[in-house]
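Notes to accompany the following structure.
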Amino acid sequence: MRQAEVSRHTLETRVDVRLDLDGSGRGSFATGVPFLDHMLEQISRHGLIDLDIAASGDLHIDAHHTVEDIGITLGQALARALGEKRGLRRYGHAYVPLDEALSRVVVDLSGRPGLSFHVGFVRPMIGSFDVDLIREFFQGLVNHAALTLHIDNLRGDNAHHQAETVFKAFARALRMAAEEDPRTAGSVPSSKGSL
């Protein structure tokens with residue numbers, strides 16, 4: 001069963017994540033950061049991952065610690081659910097448009113954390129959400145899921161659309177990478193024998 005539950009409790013935040021990689025796209029989100037809840041819903045729905053995330057944090061300061069720690073905890077849960085990565089495709093990619101915006105995301109379940117993030121947001125805030133936190137979310141996720149992630153927003157005139165295409169494309173690329181490959185006969189998709 002490709003499922004995991006992870007809790008991360010610090011002096012700054014409390015984050016609880018439950019996920020099922022072989023779900024139907026059902027999600028429940030209560031992070032105290034409404035825009036992030038909307039983006040996490042995209043990961044769940046478009047990745048076909050059942051995902052429950054509850055968080056509380058020092059939002060009286062700002063959303064930075066909460067968003068970053070959700071990324072970290074989700075990354076830990078992904079790593080646990082993926083296990084040894086036997087029989088998986090390993091690589092995934094997706095292009096996703098939303099009106100004028102278009103993003104490309106490429107994932108490698110490499111076992112090595114790496115983030116290449118190229119999103120030139122057209123404005124610094126989406127409502128009360130600081131767009132810099134999107135990179136922080138993905139950096140935390142990448143570091144703790146031990147995956148390589150390339151995110152490119154190719155065009156966009158609306159920051160909300162830019163962000164949404166990034167999260168949807170990530171979901172689709174992750175879904176592809178985590179799919180079982182019937183031709184691998186359960187082997188690890190690496191010439192080294194491990195990921």
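The values are calculated or read from the model by the stated rules, or taken from the named source; none is laboratory data. What you see is a predicted model, and the numbers here were worked out from it, not measured in a lab. Glycine also receives a Cβ, built like all others from the backbone with ideal geometry; neighbour counts cover every protein chain displayed.
At-a-glance table
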item: Residues that are in contact (Cβ under 8 Å) with a residue 12 or more places away in the chain, surrounded by fewer than 22 Cβ atoms within 10 Å (Cβ to Cβ) and farther than 25 Å from Thr165 by Cβ, drawn from the range 36-61; result: Ala54, Ser56, Asp58, Leu59
item: The lone exception for Ile70 - which of (1) among the hydrophobic types (A, V, I, L, M, F, W, C); (2) assigned to a loop (DSSP other than H, G, I, E, B); (3) surrounded by 19 or more Cβ atoms within 10 Å (Cβ to Cβ) it fails; result: (2)
item: Cross-chain or 6+ apart pairs with Cβ under 6 Å, the range 87-105 first and in contact (Cβ under 8 Å) with a residue 24 or more places away in the chain, then assigned to a strand (DSSP E or B) and of a type in the set (Phe, Trp, Tyr); result: Arg104/Tyr95
item: Qualifying positions in the range 1-15 - surrounded by fewer than 18 Cβ atoms within 10 Å (Cβ to Cβ) and over 21 Å from Arg172 (Cβ atoms); result: Met1, Glu5, Ser7, His9, Thr10, Leu11, Glu12, Arg14
item: Checking Asp99 against (1) in contact with a helix residue (DSSP H, G or I) (Cβ under 7 Å, 6 or more places away or on another chain); (2) surrounded by 21 or more Cβ atoms within 10 Å (Cβ to Cβ), the condition it does not meet; result: (2)
item: Residue in the range 105-121 that is of a type in the set (Lys, Arg), outside any helix (DSSP H, G or I) and either within 17 Å of Gly47 (Cβ to Cβ) or touching an Asp or Glu at 6+ places or on another chain (Cβ under 7 Å) (or both) present; result: no
item: Flag if Ala163 is over 15 Å from Phe35 (Cα atoms), modelled with pLDDT of 95 or more and crowded, with 24+ Cβ neighbours inside 10 Å; result: no
item: Count - residues of the range 84-104 that are outside any strand (DSSP E or B) and more than 30 Å from Gly186 (Cβ to Cβ); result: 2
item: Set Arg112, Arg155, Arg80: member being basic (Lys, Arg), modelled with pLDDT of 95 or more, over 23 Å from Glu5 (Cα atoms) and surrounded by fewer than 22 Cβ atoms within 10 Å (Cβ to Cβ); result: Arg155
item: Condition check for Val119: over 23 Å from Ala30 (Cα atoms), touching a helix residue (DSSP H, G or I) at 6+ places or on another chain (Cβ under 9 Å) and at pLDDT 95 or above; result: yes
item: Members of the range 176-194 that are at pLDDT below 80 and hydroxyl-bearing (Ser, Thr, Tyr); result: Ser190, Ser191, Ser194
